[in-house]
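Derivation of every value follows stated rules applied to the coordinates shown; laboratory data play no part. What you see is a predicted model; the values in this text were computed from it and never measured. Neighbour counts are summed over all protein chains in view; Cβ atoms, including those assigned to glycine, are modelled from backbone coordinates with ideal geometry.
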């Protein structure tokens with residue numbers, strides 16, 4: 001028996017106007033256009049009757065509500081144990097797709113349109129991957145990338161034991177790992193894992209963006225085709241750039257938002273994405289060819305597929321002494337957000353005023369002199385955190401934060417993926433990986449943490465990092481023993497996998513139906529004396545074409561799987577050929593209100609250096625009502 005593999009890709013872009021962008025948690029960061037569409041890239045595997053499905057989604061976070069909806073729409077044989085839905089953690093994707101209210105705080109509540117775009121797209125990509133299953137050769141290759149991440153929480157990292165710090169001499173995890181799928185000697189699909197936050201775009205950005213990992217995937221897929229634009233429905237190659245233990249890894253090499261390698265957030269996104277692509281393509285062995293399309297020189301995979309998964313009630317885990325590190329048993333507590341969590345990760349984007357990483361004298365005093373004195377169990381679990389948000393008690397009234405964590409272990413040949421629904425620091429990831437590797441007898445480099453998978457419970461730090469109470473420790477909601485609880489759980493999964501026995505699935509997070517709030521806005525109207533789609537302004541300055549159109553609200557029709565704009569070139573026979581749309585890096589769509597019911601859509605095409613000389617035009621496609629499409633077209637212009 002050999003491996004069968006398939007891949008699929010679909011659009012999951014939600015509301016690109018007047019919807020809070022999830023990630024930075026800012027009320028003022030409302031979507032106002034589109035830079036790059038978000039995609040779901042799915043990879044299906046079969047061997048010896050076993051099946052696995054991995055879907056890498058260009059989302060800020062993975063929602064339990066999304067997981068529940070998608071699993072209910074997959075074919076028989078695919079479920080919570082053998083399906084991993086993981087997020088790349090862009091901070092500039094539309095939010096509102098959670099049933100836990102904390103994450104809908106800047107979206108005005110649950111957003112049905114965005115939720116449906118995400119779940120429809122993930123399902124579409126997954127079904128395409130399953131339909132694409134065919135005999136394939138799988139290879140696994142590992143390299144290093146050292147100029148695309150920096151430790152944003154060095155004080156916490158330095159609190160770890162010397163033996164752990166020695167594993168990361170530069171305080172970063174440089175491992176870049178590539179799983180390649182080949183058919184007939186050609187690269188058919190690839191999944192890369194590398195630890196860096198998807199925060200090159202700052203909290204000042206208002207455009208929907210898949211950020212640096214999205215750029216890496218987009219660039220590789222288009223490099224293979226040898227074109228700037230590629231129809232997403234039938235690409236020659238599907239590549240995904242997934243997260244691992246990126247909790248304390250930032251792409252902002254200058255240790256400030258929007259800094260490093262340059263001072264421009266768009267260029268930083270491109271460069272950090274390009275470096276991830278180059279490191280991954282080099283593992284194929286031919287970086288300078290179009291995307292490294294030839295057969296991989298990596299280690300051919302064998303050994304089949306396997307999976308185990310359970311749901312862990314993180315609020316009430318009794319952790320055995322062999323996992324706590326101090327020789328005593330401890331217990332986790334219900335989730336509590338710390339003062340440092342509200343400070344935000346300053347390297348990637350500050351949080352709320354009045355809070356800071358580390359010491360917060362007022363909150364520290366209240367917690368230590370009052371709360372911890374009357375609640376010794378809470379003290380054992382949460383000290384020295386300065387307690388601010390008691391999410392556990394709030395959850396009894398309204399669903400605020402997920403408490404039951406899906407924990408998963410997948411095996412694809414020699415590769416083991418530990419699915420954790422949170423943001424795991426590199427040393428916390430190291431301890432999880434060591435736990436699994438020791439039990440299953442794998443090489444440590446073949447065991448990866450797949451963070452941001454199957455749900456979201458915030459951060460996972462080591463107990464030593466937790467004590468430092470930097471942003472990551474303040475966001476480790478279930479207390480100092482959260483990582484030991486997870487290590488204990490993955491040890492159980494690894495032992496069951498090694499011994500070929502099942503595990504208890506545990507009790508999943510309760511289903512919470514949420515009703516979308518009705519959002520009333522004035523019906524769209526054209527500008528006085530104008531029609532929808534009329535050109536308001538056009539300019540061609542250098543290698544930038546800009547056109548403004550009489551617009552309507554983008555949420556009248558999300559155009560999922562389509563585009564709000566086309567860039568077209570005139571052919572010799574008089575026909576027009578599309579060369580770019582709103583899924584391409586070279587285009588930008590900005591939308592703004594110009595009155596209570598009127599709006600303007602501005603399309604920017606940054607003309608690539610390799611663009612063929614000729615005559616071009618830009619068109620804008622909108623809907624004045626959900627069922628009333630219109631199109632606006634610029635005058636032709638010359639590119640030389």
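Remarks
- When 563, 539, 210 are arranged by Cβ crowding within 10 Å, least crowded first, meaning fewest neighbours, the order is 539, 563, 210.
- Fewest-first ranking of 63, 624, 333, using other Cβ atoms within 10 Å as the exposure measure: 624, 333, 63
- Tail fraction, Cα-Cα pairs, the range 481-640, threshold 28 Å, whole percent: 45 percent
- Subtracting the Cα-Cα distance of residue 316 and residue 592 from their residue separation scaled by 0.36 nm leaves 94.6 nm.
- Extending 7 Å from Cα along the Cβ direction at residue 28 and again at residue 353 yields two label points whose distance is 1.0 nm.
- Summary value for the chain: 15 percent relative contact order, contacts being C-alpha pairs under 8 angstrom separated by 6+ residues.
- Seen against the Cα atoms of the chain and their longest principal axis, helix 112-131 is set at about 90 degrees.
- Burial ranking of peptide ranges 436-444, 34-42, 201-209 (average Cβ count within 10 Å, highest at the top): 34-42, 201-209, 436-444
- The simple Förster model, with R0 at 35 Å and r as the Cβ-Cβ distance, assigns residue 4 and residue 495 a FRET efficiency of 0.80.
- When peptides 151-163, 389-401 are ranked by their average number of other Cβ atoms within 10 Å per residue, the highest-first order is 151-163, 389-401.
- Ordering 598, 196 by the number of other Cβ atoms within 10 Å of each residue's own Cβ, fewest first, gives 598, 196.
- Once the chain from residue 370 to residue 134 is taken as fully extended at 0.36 nm per residue, the excess over their C-alpha distance is 78.7 nm.
- Using alpha-carbon coordinates, inclination of helix 211-225 to the longest axis of the chain, degrees: 60 degrees
- The simple spin-label model puts a point 7 Å past each Cα toward its Cβ; for residue 538 and residue 572 those points are separated by 2.5 nm.
- Distance in nm between pseudo-label sites at residue 615 and residue 112 (7 Å out along the Cβ direction from Cα): 4.7 nm
- With Cα atoms, 0 to 90° folded angle of helix 426-440 axis to the chain main axis: 70 degrees
- Alpha-carbon centroids, the range 331-362 and the range 374-402: separation in whole Å: 14 Å
- Cut-off 20 Å, label 7 Å out along Cα→Cβ of residue 516, residues of the range 613-637 by amide N: 622-629
- Annotation for the range 94-166 versus the range 572-640: alpha-carbon center distance of 31 Å.
- Computed [θ] at 222 nm, helices only, for the chain once each DSSP H run of length n ≥ 4 contributes -39500 (n - 2.57): -6500 deg cm²/dmol
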